[in-house]
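A.B. asks: Have a look at the structure that comes next, please.
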Amino acid sequence: YAGAGVEAKCRSQHRAGLEREDKVRQPIKIARKAKSALVRCAMPFLVRRFRKEIKSFCPPLKLHLGCGFHRLDGWVNVDFIETPALDVRWNLGRAIPLPDGSCSFIFHEHVLEHFELKRGVDLLRECHRLLESGGVLRVSMPSLDDMLLRCGDGRWRERQNSHVPEVETRAEYL
């Protein structure tokens, strides 16, 4: 988190990024043309708010998507739900209004399982677009062992997350 004590080098990098303000608009145009299922038309005020909140971070960015209550210092902590760990609020079902290759690292933990398959794939494509050449994407998912145990002992109907769609069969659960 870059606060009042941001180094001069970081500020100059940030100013250089502002000079490329037009590039920030490109992802929205690109996303509209893309064949992904991401919601392509983000409301203009949401995009402005996102850009305002992200200005205090030095490029290349390190994104922590779906941060929840877990804050990573030195990362841009992004989530849709307002929490104390949050730096930038954004719906990950939408294209992220950042230029291509603007991130060196992207991390999300226990995020993909909250999306339908197609939307999850779209999120991964969006991460790929945002990563610079040689950038790193780290994804953590729930334990398959735990899911299989739940199927075996009949606990597969117990919902871990209330916002995950209800499933009717064990096959849908897996």
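A.B. asks: Look through the range 124-153, keep the residues that are of a type in the set (Asp, Glu) and part of a helix (DSSP H, G or I), and return whichever of them is modelled with the highest pLDDT.
C.D. replies: Glu126
A.B. asks: Additional query: Do we find that Leu61 is touching a strand residue (DSSP E or B) at 6+ places or on another chain (Cβ under 6 Å), open to solvent by 30 Å² or more (accessible area, probe 1.4 Å) and at pLDDT 50 or above in this structure?
C.D. replies: Judged against the criteria, Leu61 is not a match.
A.B. asks: Just the residues that are open to solvent by 50 Å² or more (accessible area, probe 1.4 Å) and part of a loop (DSSP other than H, G, I, E, B), please, taken from the range 49-58.
C.D. replies: The answer is Lys55, and nothing else.
A.B. asks: How many residues, within the range 89-113, are surrounded by 19 or more Cβ atoms within 10 Å (Cβ to Cβ), in contact with a Phe, Trp or Tyr (Cβ under 6 Å, 6 or more places away or on another chain) and either assigned to a strand (DSSP E or B) or not aromatic (Phe, Trp, Tyr) (or both)?
C.D. replies: Adding up the residues that qualify gives 1.
A.B. asks: Can I ask one more? Do the conditions hold for Gly135, that is, is it within 14 Å of the chain's Cα centre (by Cα) and in contact (Cβ under 8 Å) with a residue 12 or more places away in the chain?
C.D. replies: It is false that Gly135 is within 14 Å of the chain's Cα centre (by Cα) and in contact (Cβ under 8 Å) with a residue 12 or more places away in the chain.
A.B. asks: For the range 78-87, enumerate the residues that are in contact with a strand residue (DSSP E or B) (Cβ under 7 Å, 6 or more places away or on another chain) and surrounded by fewer than 22 Cβ atoms within 10 Å (Cβ to Cβ).
C.D. replies: Residues satisfying the conditions are Phe80, Glu82, Ala85, Leu86, Asp87.
The values are calculated or read from the model by the stated rules, or taken from the named source; none is laboratory data. Keep in mind it's a predicted model, so treat the numbers as computed, not measured. Note: ideal-geometry Cβ built from the backbone for every residue, glycine included; neighbour counts use all protein chains shown. Only protein heavy atoms, including side chains, enter the accessible area calculation; ligands, DNA and RNA are left aside. Shrake-Rupley method; radii C 1.70, N 1.55, O 1.52, S 1.80 Å.
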